[in-house]
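The values are calculated or read from the model by the stated rules, or taken from the named source; none is laboratory data. Everything quoted here is computed from the prediction, not taken from an experiment. Here the Cβ positions follow ideal geometry from the backbone for every residue, glycine too, while neighbour counts run over all protein chains shown. The protein model used for the area step is the full one, side chains on, heavy atoms only, and it has no ligands, DNA or RNA in it. Shrake-Rupley method; radii C 1.70, N 1.55, O 1.52, S 1.80 Å.
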Amino acid sequence: FGVGERFTYDVKLGPFKAGRRSMEITSTDTIRARTAYRAVFRVKGGILGYHADNTMETWIDTATITSLRFTQDFEQTGKDRKKFYEIYPERAVYQEPNKPEQPSVPDPLDDASFIYFVRTVPLEIGRTYSFDRYFKPDANPVRIKVLRRETVKVPAGTYQAIVVQPMIKSKGIFSENSKAEIWFSEDANRIMVQLKADLPVGSLNLYLKSAQPPTLTIPTVPPPP
């Protein structure tokens, strides 16, 4: 992955079309003298009087694939929630504005950067990977269960995919109760082509609509085996 890579998705809530989602690396920024990819995840849409415009942004160290900064801006019907975290891998701490530093973990990752990290993992069928890398320690370990190989057809085309189940000890789309599954293309790009999760308001489904390759990539440090 690299700057310029952009994926768009059709979003369905149950049988109903509920909006669009995008996932893209917009630029490289300098965060505390480190070069970082700036990746933006956005979901916009609504159904039956419910409206959502949710954005997550992560800044990922290009050399080590660790999180340096993470923001969330959730605008939903009746709710508006913003979060901002500065993450310091070299000291294994994180901090919210006007709050004291909190202990983190070595090589931290956030909700968004975990998707990019998983794209670098070998993903052997039948294996479960366990990582103590979520930046809030009490949510660890994050487990990635590799379920099966499957051919999937989405608006962007037909893909041979590897299906994984991520499990994080926190609320959200990848919580242990959501039973979320992600389909990654079985090639060097590891594109997220489909996602399904059970939410309190119904089944959430994402289908890849378009894929734009990166225009700039920077060599990274591969993860340990």
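With the condition kept exactly as written, say whether any residue in the stretch 105-113 is surrounded by fewer than 18 Cβ atoms within 10 Å (Cβ to Cβ) and either among the charged types (D, E, K, R) or over 15 Å from Ala180 (Cβ atoms) (or both).
Yes.
Given the residues Gly46, Gly2, Gly78, Gly14, which is the only one that is surrounded by fewer than 17 Cβ atoms within 10 Å (Cβ to Cβ), more than 25 Å from Asp138 (Cβ to Cβ), modelled with pLDDT of 85 or more and not charged (D, E, K, R)?
Just a single option satisfies the conditions, and that option is Gly2.
Would you please list the contacts, defined by Cβ atoms under 6 Å and residues six or more apart or on different chains, that run from a residue in the stretch 63-85 that is acidic (Asp, Glu) to a residue that is modelled with pLDDT of 90 or more and surrounded by 14 or more Cβ atoms within 10 Å (Cβ to Cβ)?
none
Pairs needed: first member in the stretch 102-122, farther than 12 Å from Trp59 by Cα; second member anywhere, of a type in the set (Phe, Trp, Tyr) and part of a loop (DSSP other than H, G, I, E, B); C-beta distance under 7 Å; at least 6 residues apart or different chains.
Pairs found: Ser104/Phe135; Val105/Phe135; Arg119/Phe1.
Under 6 Å between Cβ atoms, which residue pairs at least 6 apart in sequence (or on different chains) link something in the stretch 160-184 that is more than 17 Å from Phe131 (Cβ to Cβ) with a partner that is modelled with pLDDT under 85 and assigned to a strand (DSSP E or B)?
What qualifies is Ile173/Ala197; Ser178/Ala197; Ser178/Asp198; Lys179/Asp198.
Of all residues in the stretch 173-187 being under 15 Å from the mean Cα position of the chain (by Cα) and open to solvent by 40 Å² or more (accessible area, probe 1.4 Å), which is modelled with the lowest pLDDT?
Only one residue fits best here, namely Ile173.
Where the second residue is modelled with pLDDT under 80 and hydroxyl-bearing (Ser, Thr, Tyr) and the first is closer than 16 Å to Ala197 by Cβ and lies in the stretch 6-23, which pairs have Cβ atoms under 7 Å and are six or more apart or on separate chains?
Listed pairs, sorted by first residue: Gly14/Ser203.
Of all residues in the stretch 135-149 being in contact (Cβ under 8 Å) with a residue 24 or more places away in the chain and within 24 Å of Ser185 (Cα to Cα), which is surrounded by the fewest Cβ atoms within 10 Å (Cβ to Cβ)?
Arg149
What about Val154, is it among the β-branched types (Val, Ile, Thr), at pLDDT 90 or above and surrounded by fewer than 19 Cβ atoms within 10 Å (Cβ to Cβ)?
It is true that Val154 is among the β-branched types (Val, Ile, Thr), at pLDDT 90 or above and surrounded by fewer than 19 Cβ atoms within 10 Å (Cβ to Cβ).
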